[in-house]
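Asker: I have a structure here, written as structure tokens, and I will follow up with some questions on it.
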Amino acid sequence: AIRYARRLAGELAGKGLLVASGLARGIDTAAHTGALDAGSLDTGGGAGTVAVLAGGVDVVYPAENQQLYEKIVNQGAVISEMPPGTRPQARHFPRRNRLISGLALGVVVIEAAERSGSLITARFALEQGREVFAVPGSPLDPRCRGTNRLIKQGATLVQGAEDVVEV
């Protein structure tokens, strides 16, 4: 899923779409990295990426993403509705997810367990009138149950960037 997220984000950014994500470990990190790999508008490449943080814009979380954060600051954008210096807390993450979906025309869910932040983002997207896309996964993998359920409920199945661009 990590490799696929990076590839899909790069393809979408390369087609001029801005990739917004939450700078979290795993899928978010891969999405930001893929979008950055496609280039930014400053370099004549793709549209780039925006990191939406659960804490203040000056608080990097997780700390392991410090270098990625710095690249995004230089080649994209970092935003938050929390005041500078605010440490992220569990209650801030749903607010962050609402901002991510609010920035988007559509939300692509790559991987989601039954109770995950990705599903919160998808719910906000639906409430905001955004498109919801989901990447199918193995029915045996608990990390795919949420995405497979989204598809059953009418989300657009994504196998590549063209599926997103088409909609």
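Asker: Leaving out ligands and nucleic acids, and using a 1.4 Å probe, what accessible area per residue does segment 52-167 come to in Å²? Can you show the working numbers first?
Answerer: Numbers: 6540 Å² over 116 residues.
Value for segment 52-167: 56 Å² per residue.
Asker: May I pose another question? With label points built 7 Å along Cα→Cβ from the Cα atoms of residue 58 and residue 166, find their separation and express it in nm.
Answerer: 4.7 nm
Asker: Could I ask something else about it? Give, rounded to the nearest 20 debye, the magnitude of the charge dipole that the chain has about its Cα centre when Lys and Arg contribute +1 at Cβ and Asp and Glu contribute -1 at Cβ.
Answerer: The calculation lands at about 560 debye.
Asker: Considering the Cα positions of segment 1-95, please state its Rg to one decimal place and its Dmax as a whole number of Å.
Answerer: 12.7, 38
Asker: Which length gain, in nm to one decimal place, applies between residue 73 and residue 7 when the Cα-Cα distance is subtracted from 0.36 nm times their residue separation? Intermediate results must be reported in sequence, preceding the final value.
Answerer: Numbers: separation 66, 0.36 × 66 = 23.76 nm, distance 2.12 nm.
Value of the extension gain: 21.6 nm.
Asker: Tell me, what HN-Hα J-couplings in whole Hz come from the Karplus equation 6.51 cos²θ - 1.76 cosθ + 1.60 at θ = phi - 60° for each residue of segment 48-65, using x for Gly and Pro?
Answerer: With coefficients 6.51, -1.76 and 1.60, one gets x, 8, 10, 9, 9, 9, 7, x, x, 5, 9, 10, 7, 9, x, 4, 5, 9 Hz.
Asker: Moving on to the next point. Over the heavy atoms of residue 116, what accessible area does a 1.4 Å probe trace out, to the nearest 10 Å²?
Answerer: 30 Å²
Asker: Shifting gears a bit: Which of the trypsin sites (Lys or Arg not before Pro) found in segment 91-139 are in a DSSP loop and have at most 12 neighbouring Cβ atoms, other than their own, within 10 Å?
Answerer: Numbers: sites: 91, 95, 96, 98, 115, 123, 130; in loops: 91, 115, 130.
Here the trypsin sites (Lys or Arg not before Pro) that fit, given the DSSP loop and packing criteria, are 91, 115.
Asker: Based on Cβ point charges of +1 for Lys and Arg and -1 for Asp and Glu, what charge dipole magnitude is obtained for segment 99-167 about its Cα centre, in debye rounded to the nearest 20?
Answerer: 320 debye
Asker: Relative to 2.2 N^0.38 Å, what does the C-alpha radius of gyration of the chain come to as a ratio? Two decimals please. Don't skip to the answer; put the middle values down first.
Answerer: Values: Rg = 14.8 Å, N = 167, 2.2 N^0.38 = 15.4 Å.
With N residues counted in the chain, Rg over 2.2 N^0.38 Å equals 0.97.
Asker: With runs of 4+ DSSP H residues as the only contributors, calculate the mean residue ellipticity of the chain at 222 nm using -39,500 (n - 2.57) per run, divided by the residue total and rounded to the nearest 500.
Answerer: The helix-only estimate for the chain comes to -12500 deg cm²/dmol at 222 nm.
The values are calculated or read from the model by the stated rules, or taken from the named source; none is laboratory data. Model, not experiment: these values are computed from the prediction. Positions of Cβ are backbone-derived with ideal geometry, glycine not excepted, and every protein chain shown enters the neighbour counts. Protein only, heavy atoms only, side chains kept; ligands, DNA and RNA dropped before computing areas. Shrake-Rupley method; radii C 1.70, N 1.55, O 1.52, S 1.80 Å.
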